[in-house]
Amino acid sequence: MSNTLQKPAVLLLEDGTIHYGKAFGKIGTTTGEICFNTGMTGYQEVFTDPSYYGQVVIMNNVHVGNYGTKDTDVESDSVKIRGMIGRNLEEQYSRKQATESLDQYLIKNNIVCIEGVDTRALVTHVRTKGAMNCIISSEITDVEQLKKELAKTPNMDGLELASVVSTTKPYTLGDPNSPVKIAVLDFGTKQHILTCMVERGAYVKVFPAKTPISELKAFAPNGYFISNGPGDPAAMDYAIITVKDVLKEKVPTFGICLGHQLIALANDINTYKMHHGHRGLNHPVKNLLTGKCEVTTQNHGFGVDPESVKKAKNIEITHVNLNDDSIEGIRMKDQPAFSVQYHPESTPGPHDSRYLFDDFINLIKEHMN
């Protein structure tokens, strides 16, 4: 056992709850909003998902790290979580394709973690009390000092983070000769979302979060994609304006997660901060158009307000969450725009929802004829 694992660590929540455990990953101090992920696999994809930026993740599975890490199991170019909490975080791994251990990977990416925590009790607490900020430290043990450090952490409600994780310059993927050209507004897109579009023959150009409509139109796209990302959508005035401009083009438009919320806001539908959000690979969603249920991958702490949606005459609810009846999908009645709250690229997770990418590409092709 390494010296890192021997070192004590402390987890302090905003409401004063304290958990003691052992250090894992980088020795240091980190803060962020606490949340939990219910997935049994796919930890590396979770850590590199830009939508987790600013958050400290409780991994529900009792063992995390037992299949190591691999360079290709990523959703972006770096680890985006602020910290991680686990019951048993494993240094030893048993996957032939793995390139290094979880501990090595987290140290390399400067991620402070704590293990040896009763994660079931902690998740129950978060489910009861709601999402809140927390601090993990393997260098400060004085609780009063930890409280002072934690008080400096901004609340996720009202926080704009998408522009921090967005690409800084445009880039392209796929076949430049493809007739299907999609402009992606990047608020923290996952790599496999882009892959799902490229695999279906699209030529994709990814633009920074604050790109104006004039630059998007210069690409002459026949489809627009509004990406996922972190933070509060209602704090993104610049993005709401751009999405309104995109919708005026009446070109096929698809939004995922934060993109779903922005399409709602662009239609004057309110969003709200959820009590503790949805994160994991096993959330049941019903497609109201087909009557079929999908097991979905999710990662969001904000949602679209059901009452606002019902009042919007040009919006139809297409998907609902079977656990809590929250809105999981909408489409516009007066133009080819639709969105879902969950992640149909589903890496990791079941592939029940990948048909949505087929729907998007088919919609583009229909409008090209």
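The values are calculated or read from the model by the stated rules, or taken from the named source; none is laboratory data. Given the structure is predicted, the values throughout are model-derived calculations rather than measurements. Methodologically, a virtual Cβ is constructed for each residue, glycine included, from the backbone with ideal geometry; neighbour enumeration extends over all protein chains shown. Side chains included, ligands, DNA and RNA excluded: accessible areas come from the protein's heavy atoms. Shrake-Rupley method; radii C 1.70, N 1.55, O 1.52, S 1.80 Å.
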Q. Can you pull out the residues in segment 69-92 that are open to solvent by less than 10 Å² (accessible area, probe 1.4 Å), in a loop (DSSP other than H, G, I, E, B) and closer than 18 Å to GLN6 by Cβ?
A. GLY86
Q. From ILE263, ILE317, which residue is at pLDDT 95 or above, closer than 22 Å to LYS217 by Cα and of a type outside the set (D, E, K, R)?
A. ILE263
Q.
Being of a type outside the set (A, V, I, L, M, F, W, C) and either assigned to a helix (DSSP H, G or I) or under 23 Å from ILE361 (Cα atoms) (or both) is true for just one of ASN228, ASN282. Which residue is that?
A. ASN228
Q: Considering (1) touching a Pro at 6+ places or on another chain (Cβ under 8 Å); (2) at pLDDT below 95, say which one GLY280 fails and leave the rest.
A: (1)
(Q) Quick test of your reading of the structure: ILE240 fulfils all but one of (1) within 21 Å of PHE360 (Cβ to Cβ); (2) open to solvent by 10 Å² or more (accessible area, probe 1.4 Å); (3) free of Cβ contacts under 8 Å to residues at least 60 places away in the same chain. Name the failing condition by number. (A) (1)
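For VAL56, state whether it is closer than 20 Å to MET156 by Cα, free of Cβ contacts under 8 Å to residues at least 40 places away in the same chain and buried (at least 18 other Cβ atoms within 10 Å of the Cβ).
No; evaluated as a whole, the condition is false for this residue.
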Q. Tell me, which strands (runs of 3 or more DSSP E) lie completely within segment 292-339 with 1 or more residues that are over 17 Å from the mean Cα position of the chain (by Cα) and in contact (Cβ under 8 Å) with a residue 60 or more places away in the chain?
A. 327-332
(Q) Out of everything in segment 198-215 that is touching a Phe, Trp or Tyr at 6+ places or on another chain (Cβ under 6 Å) and not in a loop (DSSP other than H, G, I, E, B), what residue ends up being most open to solvent (accessible area, probe 1.4 Å)? (A) LYS205
